[in-house]
1. Which condition number does V79 fail, the rest of (1) open to solvent by less than 20 Å² (accessible area, probe 1.4 Å); (2) modelled with pLDDT of 80 or more being met?
2. Would you be able to tell me the number of residues in region 36-68 that are over 18 Å from T101 (Cα atoms) and assigned to a helix (DSSP H, G or I)?
3. Regarding I85, is this residue at pLDDT 80 or above, surrounded by fewer than 20 Cβ atoms within 10 Å (Cβ to Cβ), farther than 27 Å from C185 by Cα and over 15 Å from the mean Cα position of the chain (by Cα)?
4. Do we find that S113 is modelled with pLDDT of 85 or more, surrounded by 15 or more Cβ atoms within 10 Å (Cβ to Cβ), touching a Phe, Trp or Tyr at 6+ places or on another chain (Cβ under 7 Å) and closer than 24 Å to V191 by Cβ in this structure?
5. Restricting the search to region 187-223, which residues are among the small types (G, A, S) and more than 15 Å from Y121 (Cα to Cα)?
6. Yes or no: S105 touching a residue at least 12 places away in the same chain (Cβ under 8 Å), surrounded by fewer than 21 Cβ atoms within 10 Å (Cβ to Cβ), on the phi < 0 side of the Ramachandran plot and not charged (D, E, K, R)?
7. Could you grab me the full set of residues in region 131-155 that are modelled with pLDDT under 80 and either closer than 24 Å to L77 by Cα or open to solvent by less than 50 Å² (accessible area, probe 1.4 Å) (or both)?
Amino acid sequence: EESLAMSETGGELSVPVQAGFATTMAVFFVVNIFGNSLVIWAILSNTKLQSTSNFYLFALAVTDITIGVNTMLPALLSVSVNKSILPGWACTLTSFVDTMTLPLSLWILSASSLDRCIMIYKPIKYKAWINNHKTFLFIGGICLACAVVCCPIITPSTIGSDWSAHSFTCSPNFFGKLDYFAAYCFFTFPVPIFVVIASYSIIFSVSLRDRKREWERRSGDSR
């Protein structure tokens, strides 16, 4: 059974379609690189912005740039010349990075929401617990965890695949291996999304509690 490594396009693209795809990809790529580079530059150049919350934005910006360079740029070049430009080993590498960056983005987003939750719910302990060094270590731990989890998921899908039989876009063949696909989806979506929902639910409840106390205080003062 052939293991799909690249998405089939059914032949070469016509010139108008090729130009449209290439132009759209180029716009998205430039916006991605330019916008996220500005975020990185602003945080690195301004010490006032170097807070724990902004370090998560920094990590997200780096992840987005990685996606742009790893995914969008090869696809743009391939569409521009109407054929795949990546050898098999490069497709294996880009597939692994693609597979890792999606859960990495969601986990960094969930970590950012958890950071905000602790800051609002336990502000005094937050200052004692959290600092820039610990935040960097935590983000590094998230990166390592995503790499470790994605290694066994991506490797069986890509090693030994016939890359040359396909064109344009590298992608892992998850659907032929449902156990790996299920593990990947569980790690990527339910857990970080649950953390985000729980964190912002706590933030919302604390906000309502504070508003209620403020209203009761003002009501008492008016009497």
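1. (2)
2. Result for region 36-68: 13.
3. Numbers: at pLDDT 80 or above: no; surrounded by fewer than 20 Cβ atoms within 10 Å (Cβ to Cβ): yes; farther than 27 Å from C185 by Cα: yes; over 15 Å from the mean Cα position of the chain (by Cα): yes.
Here the answer is no, as I85 does not meet what is asked.
4. Values: modelled with pLDDT of 85 or more: yes; surrounded by 15 or more Cβ atoms within 10 Å (Cβ to Cβ): yes; touching a Phe, Trp or Tyr at 6+ places or on another chain (Cβ under 7 Å): yes; closer than 24 Å to V191 by Cβ: yes.
Yes: the conditions hold for S113.
5. So the first thing to find is which residues in region 187-223 are among the small types (G, A, S), and the list is 198-199, 201, 205, 207, 219-220, 222.
Matches in region 187-223: S219, G220, S222.
6. Details: touching a residue at least 12 places away in the same chain (Cβ under 8 Å): yes; surrounded by fewer than 21 Cβ atoms within 10 Å (Cβ to Cβ): yes; on the phi < 0 side of the Ramachandran plot: yes; not charged (D, E, K, R): yes.
So S105 fits the description; yes.
7. V149, C150, I153, I154
The rows are residues; the columns are (1) under 15 Å from F138 (Cα atoms); (2) free of Cβ contacts under 8 Å to residues at least 12 places away in the same chain; (3) touching a strand residue (DSSP E or B) at 6+ places or on another chain (Cβ under 9 Å).
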position	(1), (2), (3)
N46	no, yes, no
L49	no, yes, no
T63	no, no, no
N70	no, no, no
P74	no, no, yes
D98	no, no, yes
T101	no, no, no
S110	yes, no, no
L114	yes, no, no
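The values are calculated or read from the model by the stated rules, or taken from the named source; none is laboratory data. Keep in mind it's a predicted model, so treat the numbers as computed, not measured. Positions of Cβ are generated from backbone atoms using ideal geometry, with glycine treated the same way; all protein chains shown enter the neighbour counts. For accessibility, only protein heavy atoms count, side chains too; no ligands or nucleic acids. Shrake-Rupley method; radii C 1.70, N 1.55, O 1.52, S 1.80 Å.
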